[in-house]
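Everything below concerns the one structure shown next.
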Amino acid sequence: MLDVAGGDHDSGPPTTGSSVLLRVAIRIRAASTLKVTALAFVVGLAFGALLIILTTPALLRSWGGLFSHPGGTIALNAKSIWGDYELLFCGGVFDPRAVWAAIQHSNNANWTTALSPLSSTLTFATPLILAGLGLAVGFRTNLFDIGGQGQLIGGALGAVYVGFTVHAPAPVLVLLEVLAGIAGGLLVAAIPALLKAFSGAHEVITTMMMNYAMLNLLVYLVSVSPFQRPGQQQGESKSIVPAGQLPKLFGSISSSLQVNAGFLIALVAVGAVAWFLNRSTLGFELQMVGANPDAAKTAGVSSRRVIIIALCIAGALVGLAGMAQVSGVDPPYVSPAYGGTIGFDAIVVALLGRNRPLGVLFAALLFGALDAGGHFMQVNSPTNIDYSLALVIQAVIVFCVATPALMVALFRLRASATTQAGLASGGWAK
Amino acid sequence: MPPMKLELRGITKRFGSLVANRDVNLTIEPGEIHCLLGENGAGKSTLMNVLFGMVSMNEGEILVNDERVVIKDPKDAVANGIGMVHQHFMLVPVFTVAENVVLGAEPVRPWPFLDRIGAAREIREVSRRYGLDVDPDAVVENLPIGMQQRVEILKALDRDVEVLILDEPTAVLTPQEAEALFGIMRSLTAQGKSIVFITHKLKEVLAIADRITVMRLGEVVATTTPAETTESALAALMVGRSVNLVVDKAPARPRDVVLAVDDVYVEDDRGLTSVRGLSLSVHAGEILAIAGVQGNGQTELVEALTGLRSVASGSISIRGRNVANRSVRSVLHAGVGHIPEDRQRNGLVLTMSIDDNLVLDLQHDPRFSRFGMRNLKAIHENGARRLEEFDIRAANSAVLVSTLSGGNQQKVVVARELSRDLHLLICSQPTRGLDVGSIEYVHREIVRNRDAGVAVLVISSELDEVTALADRIAVMFGGRLMGIVPPSTSRDQLGLMMAGSDHELVAAGAAP
């Protein structure tokens, strides 16, 4: 959304507002995404290190002795921080010792340990990839769809309903669930799409409101028939029958390895969305409307049609994420807690991936790895580091990567909207 | 402040590998009107932005009365007696003239209350001194463009500037308003102020300048005076070769009516009627040019013709088929080429490649897509061919269109619109902001299409362009047609019509 939207209306460098901050932001935005993300990751780790020190009493106390034995203080802190980050890495990417053990003594238990980081990273990443792709399609059309959560719930409700009502062979049932998931997400997105196209209602407001509507619908549905699981007070839906659950990729090794066919669906979706955006006329029209709606209109593109299509595609992909999450990852039913914050994290993933399909894939994998590593770290850390540390690192990365784009976009918008009026008054002030 | 001599010495400004100014020397003597002339991209604006502190230079120095000064931002520039009136005015529309003038340096007596009466008095005094007739209590948005420009000039004068930079000040003015501006400029220089006047228009340069500096490709190529030079000599200096300012065309051989507009009314965005009962027709093989100062309904008329804006009443037909209130796509399919007024806003997607921009409204053409799938190979081949054919200066057709100069961007739009089978070509301000070389090129293409039997409608606020291109001239004012006259009509008469005098009245000599 941000780096494709709008145009550079001035040929010169944007000196408007010429604050140091903006200049830094412009420079960051001009640099390569990979470099910036890597640097942002380092900044995130540094910030995280600071938090580890501040939240660990023993480390905090050690700074009192900085002047009497500086070496010892630094070593203690470094060791502790290194230890936590080692856990983060081992839990999110791979644990060399576990892999080595599995190679030496090849058995299911060892392989389960060795594959577990990969499995949980991909499991966390799968819905983020699918939902991130969907939102990215909207952003590329300059539609700020923040209704990921509602569309996710819509997709999951559709998939679950098919999953516990239909009796069919596994492949057919899964296919029906996929279609139901797509339909669920699409329907939820279609309401804001039609409102935007025909009445001009802003999609930010309507999609956000749909989130609340869908959450409440979910809470209601799981407590009544036909969704409610008999005998459940908490409000849970019936489970998708085993045949309707997406097969686990490492199911033959251990059922605790959650990574499932949903990840493969996500990979296919990455390719499909990339094809759609780069090769199809419709994708081209979407991007025209996103980058310059006036030029699109002048070229005879119906923005109404494009808005409806783009939001529906977004909803369909997010709905697919909802389906993959509920029928691929335990538990195979929905409850009011379903989805966590996937719908919102996907916004950030799309932003971090600069709305490009491959970018979304890598951003989702990075987030998945931090999620997985964070959980692993929390369980295994000797200093009781909380899982939230991973969230902090995620947040810092997003701040570093996304805010420059946001700032530049905002300043550009203002500069072109007021035709450098800000500059003029600045100039004339004595 | 006493009269001031301003000198730029050895100014070099680089943007990355691009050298926008190379070792530029320029001296502004007290009390002179110094014209800065050059093609787009010649470095005039960059030089002035350096002088006004909006861009920092890589090398060189600025001297005021032979003393070196440092100008880091516009504030420094104003403090050193340098003022600038931008092409796009920087006024607050809902403020009064007085409020706009004092904005940023408000007289607060007693603090923190704005001394409105004092401000108005101050402005009356300044406007009287320089012969700038402006009512300090008028609200800016109600003022005509020429008046708004005076407010900008007042803003600078109120801050005691000695050197005033005017960036393309006549682009938005009627000939009469431009004359009035020249009067003001002369009265300013008579009182010792000096003026840097940036323009494209050679006639104005010769009419007003004391000295002329011509820039090309970032360097000063000549400094001369009106007495020593001619229009064609200046044009040759600007482009580095002799150019033909007159469009070379045979008499038109008009055939059937292609576009027929009958009693059309169109409303603008605010719901105000901006085109009032306009009727005209354009024949195959002729160029009808609509002259008029911008904002007299031309934009809305073109939007209505192309399907971008609905028509309140009246009919528009192309080759006998009604197209009023039809979709843009169906109008384009009726064989209409549209070169929009603002190429960056309506004609191009700057963040896309030249290739893509060349097929913006042709993407469903079977040449470029099949079964909803874009034929990237054909699109790229088309881009490469057009690049060659239309002499678009770019490394290759895959580069972003935003990296091109204005003239080359316009060529992309023209190339695209001419790559269909056309019956009607609508060109809005087809050469706005272009250099002489590109103007010549675009004009030739328009005439070539006319000769091939296309009906051409040109909308332009440049009188030179209108008289050079048109086979018939229609003048618009206040949403109405003031009359249709032959291209031999005098500039004075056209100017009067553009200011709202009826054709018959003008012809009868009854107009003021």
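The values are calculated or read from the model by the stated rules, or taken from the named source; none is laboratory data. All of these numbers come straight from a predicted model, not from anything done at the bench. Note that each Cβ is placed from the backbone with ideal geometry, even for glycine, and that neighbours are counted across all protein chains shown. Areas reflect the complete protein model, heavy atoms only, side chains present, ligands, DNA and RNA absent. Shrake-Rupley method; radii C 1.70, N 1.55, O 1.52, S 1.80 Å.
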Report task. Test A:Val326 against the criterion of being open to solvent by less than 10 Å² (accessible area, probe 1.4 Å), within 14 Å of chain B (Cβ to nearest Cβ), in contact with a helix residue (DSSP H, G or I) (Cβ under 8 Å, 6 or more places away or on another chain) and under 21 Å from A:Leu186 (Cα atoms), and give yes or no. Result -> no
Item to complete: Output yes when any residue across region A:285-293 is more than 14 Å from chain B (Cβ to nearest Cβ), surrounded by fewer than 22 Cβ atoms within 10 Å (Cβ to Cβ) and in contact with a helix residue (DSSP H, G or I) (Cβ under 9 Å, 6 or more places away or on another chain), and no when none is.
Response: no
**Message:** Given the condition more than 14 Å from chain A (Cβ to nearest Cβ), without any contact (Cβ under 8 Å) to a residue 60 or more places away in the chain, aliphatic (A, V, I, L, M) and in a loop (DSSP other than H, G, I, E, B), answer yes or no: does some residue in region B:367-389 qualify?
**Reply:** no
Inside region B:279-327, the number of residues satisfying the requirement of being aliphatic (A, V, I, L, M), in a loop (DSSP other than H, G, I, E, B) and open to solvent by less than 10 Å² (accessible area, probe 1.4 Å) is 1
Of B:Val172, B:Val196, B:Val214, the only residue that is in contact with a Gly (Cβ under 9 Å, 6 or more places away or on another chain) and closer than 17 Å to B:Glu29 by Cα is B:Val214
Report yes if B:Arg14 is basic (Lys, Arg), touching a residue at least 24 places away in the same chain (Cβ under 8 Å) and surrounded by fewer than 16 Cβ atoms within 10 Å (Cβ to Cβ), otherwise no.
yes
Taking region B:29-42 and keeping only residues that are within 11 Å of chain A (Cβ to nearest Cβ) and either without any contact (Cβ under 8 Å) to a residue 60 or more places away in the chain or at positive phi (or both), one is left with B:Gly41
Check whether at least one residue in region A:344-354 is within 17 Å of the chain's Cα centre (by Cα), modelled with pLDDT under 90 and within 14 Å of chain B (Cβ to nearest Cβ), and report yes or no. yes
Those residues of region A:275-284 that are open to solvent by 30 Å² or more (accessible area, probe 1.4 Å) and either among the aliphatic types (A, V, I, L, M) or facing chain B (nearest Cβ under 7 Å) (or both) come to a total of 2
Exception for A:Gln420 within (1) at pLDDT 75 or above; (2) on the phi > 0 side of the Ramachandran plot; (3) within 14 Å of chain B (Cβ to nearest Cβ) falls at (1)
For the structure I just gave you, tell me whether A:Arg279 is closer than 30 Å to B:Gly347 by Cβ, without any contact (Cβ under 8 Å) to a residue 24 or more places away in the chain and of a type in the set (Lys, Arg).
yes
Residue hits (region B:328-349; open to solvent by 10 Å² or more (accessible area, probe 1.4 Å) and either in contact with a helix residue (DSSP H, G or I) (Cβ under 9 Å, 6 or more places away or on another chain) or more than 7 Å from every other protein chain (Cβ to nearest Cβ) (or both)) are B:Val328, B:Ser330, B:His333, B:Ala334, B:His338, B:Glu341, B:Asp342, B:Arg343, B:Gln344, B:Arg345, B:Asn346
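Among the candidates B:Thr273, B:Thr229, single out the residue that is out of contact with any Leu (no Cβ under 8 Å at 6 or more places or on another chain), at pLDDT below 90 and either in the same structural domain as B:Glu440 (by TED's automatic domain parsing) or buried (at least 17 other Cβ atoms within 10 Å of the Cβ) (or both).
On inspection, the qualifying residue turns out to be B:Thr273.
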Practice problem: Return yes when B:Asp268 is at negative phi, within 9 Å of another protein chain (Cβ to nearest Cβ) and surrounded by fewer than 20 Cβ atoms within 10 Å (Cβ to Cβ) and no when it is not. | Solution: no
A:Leu51 away from chain B (no Cβ under 14 Å), under 30 Å from A:Ala363 (Cβ atoms) and at pLDDT 80 or above
yes
Condition set open to solvent by 10 Å² or more (accessible area, probe 1.4 Å) and part of a strand (DSSP E or B), scope region B:455-497, selection modelled with the lowest pLDDT: answer is B:Phe477
Of all strands (runs of 3 or more DSSP E) fully inside region B:17-133, the set with 2 or more residues that are among the acidic types (Asp, Glu) and either surrounded by fewer than 23 Cβ atoms within 10 Å (Cβ to Cβ) or touching a Pro at 6+ places or on another chain (Cβ under 6 Å) (or both) is B:59-64
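Name every residue in region B:181-199 that is part of a strand (DSSP E or B) and of a type outside the set (Gly, Ala, Ser), in order of residue number.
Result: B:Ile195, B:Val196, B:Phe197, B:Ile198, B:Thr199.
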